[in-house]
Amino acid sequence: MRAKSVVVSMVLLTVAPLVFPQDGIAQSSPAHAHIGHVADAFRGTPDGMGLLGAAQAEAAVAAQHAGFAARDLTDLDGMKRHMGHVLHALNPEEAESGPGAGYGALAAAQGVARHIALAAASEGASDGVKTHANHVATSANNTVERIEKMIELAKSVQESESASDAEEMVEELAALGALLAAGDDADGDGRIGWQEGEGGLDASATHVGLMKRGEGLGG
């Protein structure tokens, strides 16, 4: 992927967290409480937002700075500087400071997968919750895998001794950054589904929305 096209794709990334009426979810059932953790509010996230919103926000920062790094593949210092920014947004344990919110896309995406699975496993969870929870979790786990690869690449770039050594890794990292939200048409059928290797955070958000409408959770 050419660096210029990667940078353009970064500009198109948006964050659209879902907001549920928290009280209605929390009091309705254990399944709905876990859905609320994903979609509406979770203790410890930036501003107490839902885990999915936190993942979207941190992923957007990481993708943006991966794109910045790819603007000039001859500038090793610049690439390394942006790797620190990428790492902070993905997992602040890897970088103490940066433009992220300090929670990390990795922890947030892992939380999405964990709590939506808890929703599906809760007593009284409907068939609709169970079905869409699988879709949400699969897409979130795809995102976790991409994040882990990005962390590996960013750390390798930081260890590079020349721009030529880092160039391909930065391009790959920027391409992965663009997939965090959008996902990937891995099977080449012209569409991006929720399936393993395909869906990203956008797919998780879509299926949380379908779950919400199917369960009459308001909004």
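The values are calculated or read from the model by the stated rules, or taken from the named source; none is laboratory data. Computed from a predicted model, the values in this text were never measured in an experiment. Reconstructed Cβ throughout: ideal geometry from the backbone, glycine too, with neighbour counts over all protein chains shown. Keep in mind that these areas ignore ligands, DNA and RNA; they rest on the heavy atoms of the full protein, side chains included. Shrake-Rupley method; radii C 1.70, N 1.55, O 1.52, S 1.80 Å.
Roughly how many percent of the accessible protein surface of region 55-139 is carbon and sulfur, given a 1.4 Å probe and a whole-percent answer? Each step should come with its number before you reach the end.
On the way: 1540 of 3390 Å².
Answer for region 55-139: carbon and sulfur cover 45 percent of the accessible area.
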Once the other residues with Cβ under 14 Å from the Cβ of Asn141 are scored (Lys, Arg +1; Asp, Glu -1), what is the net sum? -2
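For region 70-121, what's the relative contact order in percent, using C-alpha pairs closer than 8 Å and at least 6 residues apart?
On the way: 42 pairs, mean separation 11.5, N = 52.
The value is 22 percent.
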Given R₀ = 30 Å, what would the calculated FRET efficiency be for Asp75 paired with Ser126, taking r from the Cβ atoms and rounding to 0.05? 0.05
Using 0.36 nm per residue, how much length does the chain from Asn134 to Asp187 gain when fully extended, once their Cα-Cα distance is taken away? 17.1 nm
Could you check the simple spin-label distance between Glu152 and Gln195, using points 7 Å along Cα→Cβ, in nm with one decimal? 2.3 nm
List every residue whose amide H lies under 5 Å from the amide H of Met49, counting only residues 5 or more places away in sequence or on a different chain, with H placed 1.01 Å from N in the peptide plane. Phe42
So what is the relative contact order of region 52-153, in percent, for Cα pairs below 8 Å that sit 6 or more residues apart? 24 percent
Heavy-atom accessible area of Leu153 with all protein chains present, probe 1.4 Å, nearest 10 Å²? 10 Å²
